[in-house]
1. What is the residue count in the stretch 47-69 for residues that are more than 16 Å from residue 141 (Cα to Cα) and touching a strand residue (DSSP E or B) at 6+ places or on another chain (Cβ under 6 Å)?
2. May I ask you to verify whether residue 99 is under 25 Å from residue 7 (Cβ atoms) and not in a loop (DSSP other than H, G, I, E, B)?
3. Looking only at the stretch 180-237, count how many residues are within 16 Å of the ligand (Cβ to nearest atom), surrounded by fewer than 20 Cβ atoms within 10 Å (Cβ to Cβ) and assigned to a loop (DSSP other than H, G, I, E, B).
4. Exactly one of (1) in contact (Cβ under 8 Å) with a residue 24 or more places away in the chain; (2) part of a helix (DSSP H, G or I); (3) surrounded by 14 or more Cβ atoms within 10 Å (Cβ to Cβ) is unmet by residue 175. Its number?
5. Out of (1) closer than 20 Å to residue 106 by Cβ; (2) in contact with a strand residue (DSSP E or B) (Cβ under 8 Å, 6 or more places away or on another chain), the odd one out for residue 148 is which?
6. Conditions: (1) within 16 Å of the ligand (Cβ to nearest atom); (2) under 21 Å from residue 222 (Cα atoms). Residue 145 meets all but one. Number of the miss?
7. Go through the stretch 129-172 and report how many residues are part of a helix (DSSP H, G or I) and either buried (at least 18 other Cβ atoms within 10 Å of the Cβ) or in contact (Cβ under 8 Å) with a residue 24 or more places away in the chain (or both).
8. Could you count how many residues in the stretch 51-66 are farther than 20 Å from residue 126 by Cβ and more than 16 Å from the ligand (Cβ to nearest atom)?
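Any read-out appearing in this document is the output of simple, stated calculations on the displayed coordinates, not a laboratory observation. What you see is a predicted model; the values in this text were computed from it and never measured. Because the Cβ atoms are built from the backbone with ideal geometry, glycine has one as well, and the counts that use them run over all protein chains shown.
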Ligand code: MG
């Protein structure tokens, strides 16, 4: 893998400009076509332990964690795509792609922390089975999920999303990156320096305006997560 040298992570894929549904295989393919360094997507687990791609806890008013996979497939995405499974998404993401990281967000379980850890283990198992490991950066708001991934895979690339832990502590816990809302870095600019000193990758979400993009580029961020990958690609070049 030779990842693209830009900072652009397409949030839920490159969906917006072309009117693709978020987290669709169409938006993933567009992020790859654009040459983004990363394409982000959200993973959840159904009641019968199927891993699927969807941001919200509900899909067409069905609560994903309490619904079996087959019932969810009664509905499609707005472009007619079937609700992607993680397996389908990873397989599409590895096709003709040697430059775009697959930035895999594991959503916290609404049931309990144990189920969150179970989801983490299942995701890791599938990634290994599909030989997708070289593409993957794991991100999560749930610190326990990241710690479980670290326990199971000493080499996994992990970034934390919640924005409430200092970079030195991330390093102590074996987390590789701070992927925080950009306002966190505005309030705590010393965390930028602390991250660099500790070898913690810097990523910010979800940055859709050129002023903030330029500020983060000037600060030397490794990644910027955006709904406007085309705009960031232009600004960064
Ligand atoms: Mg996400």
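1. Qualifying residue count, the stretch 47-69: 4.
2. It is false that residue 99 is under 25 Å from residue 7 (Cβ atoms) and not in a loop (DSSP other than H, G, I, E, B).
3. 3
4. Condition (2) is where residue 175 drops out.
5. (2)
6. (2)
7. 15
8. Adding up the residues that qualify gives 5.
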